[in-house]
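Participant: Quick one: structure below, then a few questions.
Read-outs throughout are calculated quantities, based only on the coordinates presented, and are distinct from any laboratory measurement. Keep in mind it's a predicted model, so treat the numbers as computed, not measured. Neighbour counts run over all protein chains shown; Cβ positions are idealised from the backbone, glycine included.
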Amino acid sequence: MMLTALLIVAQVAGQDPRLERLDPETRSLVVAVVDSARAAGLPTEPLVQRALEGATKGAPGTRIIAAVRRLTVDLGVARTALGARASAPELEAAVAALRAGATPQLLTRLRDVRRPPLTMALSVLADLVASGVPADSASAAVLALAPNAHDADLAEFRRAVERDISLGVPPGVAAAVGALNTGPRTDAFNGVTGGQPPARPPRRP
Amino acid sequence: MGIGLVEPSDSELVRRVRTGDIGAYGALVARYRDRLGRYAVHMIGDRQDAEEALQDSFVRAYRSLERCNDPARFGAWLYGILVNRCRTTGARAARRRRMFVHDIGALNGAAHPDQTDRVEWSDAVDRALARLAPEYREAFLLKHVDDLEYEQIAAVTGAGISALKMRVKRAREQLQKFLREAEHV
Amino acid sequence: MFEHEDDIVERVIRQLRRPVSIDPGLDARVLHEIASDAAPESAARRPLLRSLPWLAAAAVLAAALVARPWTRGGNGADAFQFVLVAPQAASVSLVGDFNDWDPARSPMKTAQGVWATVVQLTPGRYRYAFLVNGVEWRADPSAPRAMDDEFGTPSSVVTVGGRGT
């Protein structure tokens, strides 16, 4: 009985009221994409947010639809790479990483070496590429750090690389050097010793 | 000739800050940020510590602005606050150190030789600077990098002029020595 | 030989004099910290007094955020501060994936041209931007850029980590 009631509610409320900000034609197309994404088991919130972003920015309906469709496809690729247990934030970050040039194979490797959530690792990868680090260097650096670094260390690593880039260090080198200076020192590289860095509270959120 | 856009002087900005115009303080921060930041980075040797010291110094300077006796020399007064703040920075246990060049080479075999040379020299300079005694490093940076006059350095550090000249001389000698050693490695 | 040694020191000096870029977010952090103070010296005019109630709240907030940068809210949400220096702006809104890109949801408050607001965020990656005077889109100069620019305006990214591994 309760299940029936829920199903009825779900059907009546099939349309997210936030989407009323879109013009009717765009809205119905977006709703269709959102519904099919939901049926495929993909998170719908990122799609709604992308449509709302377009609405606020006054983008034409065609562009909004295209963006939402593209995101749906990319979320599907991300989910194939990360597995069905990936959370919505992980999938969103994975999309950013894929669009930055990370391969689905890399995403799967990250999933294999790092305990969830993968959100920060994937996000840092995307952000590094946005700063000019070549995708393969960014991927290698994040993969090297992924097994052991805390999320806060990864965030600090990204900031450190950006600072070095602004100093004139070539981005690929900055990423490689930053990776070596982050978190517990590994034995993979000679001459670097030392224990865990002390836990540092982040300076700002 | 025409109406040029003249930037307000430090005294003018300080005067405005004193009447409550925080935006004017923003202009002072922007004016001095990179120059003072450069000193802090070279003095402390750790980027994050240096930025923290810099931020603190700007905040302190604002809060004690009434003690700046000569607004026209706001810059020198600010240096004094920063120099003192850099002295009290403790080393972080896991200091970010620039990598030795052979490690960089191993990591990135395709690195362009010019880039490697530049990073190598910059590393060597950083290491040599870090080996100087703090008071030598301080005097050397203020004199040769920040271009302060000995009178200003004396005011900012509290040391006598002849002591400062000696420190700068020692710093130069030691830097030569360390870097010649590095060349022969 | 003497010249050679001097050359080394001159090269060192040249190297050290190279410009150093400092995190551009530093300016905003300084101004935000001091915006909570009253004017530093007595004067005939005290424009800040008009906004005292907000300043008092900001001072408390600034103190809270400085003392404990991670403020654990309910449901695993943490408080994040967004700052934009825009002295000429009449209004600034924060819009992003965390507030349905709705300019009415997170209007920012200003003290002397420094705009700020605080938002509760659960772990995730969020695109966002500042909307200035209702018409001009600005990315956050102190945050990573979002590479997706599908709608032709700049956006920034903030990523909130979980507890980590």
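Participant: For the stretch A:1-153, just the Cα atoms, rotate onto the principal axes and tell me the three extents in Å, largest first.
Facilitator: Principal-axis extents of the Cα atoms in the stretch A:1-153, largest first: 48, 42, 25 Å.
Participant: Can you tell me the FRET efficiency between C:Ala104 and A:Ser166 if r is taken as the Cβ-Cβ distance and R0 is 30 Å, rounded to the nearest 0.05? Could the numbers behind the result be given before it?
Facilitator: Working: r = 36 Å, r/R0 = 1.19.
Calculated transfer efficiency: 0.25.
Participant: Kirkwood Rh, Cα Rg: Rg to Rh for the stretch A:19-84?
Facilitator: Result: Rg/Rh = 0.99.
Participant: Over the whole of B:8-19, what's the average partner chain Cβ count within 10 Å per residue? Rounded to a whole number, please.
Facilitator: Taking the mean over all residues of the peptide, I get 2.
Participant: I'd like the FRET efficiency for A:Val113 and C:Asn133, computed as 1/(1 + (r/R0)^6) with the beta carbon distance as r and R0 of 51 Å, rounded to 0.05.
Facilitator: Approximately 0.60, to the nearest 0.05.
Participant: Counting only other chains, and only Cβ atoms inside 10 Å, what mean value do you get across the residues of C:98-106?
Facilitator: Mean shielding count: 3.
Participant: Peptide A:51-63: average number of partner chain Cβ atoms within 10 Å per residue?
Facilitator: 5
Participant: Starting from the Cα of B:Ala155, step 7 Å along the direction of its Cβ; do the same at A:Arg99; then give the gap between the two resulting points in nm.
Facilitator: Spacing of the two 7 Å Cα→Cβ label points: 5.4 nm.
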